[in-house]
Amino acid sequence: MNFDQALMKMKQEEPCKEPVNIVITFDSKEYGGKGFTTLQAPRYYKEKEQTMAVVKRAWECFCNGSEEKLNSITGISVESATSIVVEKNKKKIPA
């Protein structure tokens with residue numbers, strides 16, 4: 001599906017008042033099947049429409065004109081950026 005179709009299917013949640021990561025998941029032969037890309041949006045809760053317009057332009061730049069990539073989106077999600085940082089900090093690093 002393309003970006004606009006994925007945006008319509010995106011789970012509509014009340015935006016949190018903290019920075020978020022917008023995650024686009026996609027299928028691509030170039031990336032060996034499934035892939036994802038993220039964009040941090042610190043002001044998503046205040047500027048949702050403008051943020052999603054920027055994300056769409058970023059996705060188009062990422063795809064570099066490839067119709068296959070443009071239409072390969074499997075989903076868009078909005079995740080709390082702070083919870084992701086907390087999870088990364090919990091990982092044990094082998095000595």
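Let me have the relative contact order for the stretch 1-78, percent, based on Cα pairs under 8 Å that are six or more residues apart.
Working: 104 pairs, mean separation 36.9, N = 78.
Answer for the stretch 1-78 is 47 percent.
Taking the Cβ of Glu68 as the center, what net charge do the other residues with Cβ under 10 Å away carry, scoring Lys and Arg +1 and Asp and Glu -1? My count for the surroundings of Glu68 gives -1. For the pair Glu30 and Ser80, label points projected 7 Å from Cα toward Cβ lie 3.4 nm apart. Counted residue by residue at 0.36 nm each, then reduced by the alpha carbon distance between them, the extension gain from Gln5 to Glu67 reaches 20.9 nm.
We did not get these values from a lab; they are worked out from the coordinates using the rules stated. Because the structure is predicted, anything quoted here is derived from the model rather than measured. Every residue, glycine as well, gets a Cβ built from its backbone with ideal geometry; the counts of neighbours run over all protein chains shown.
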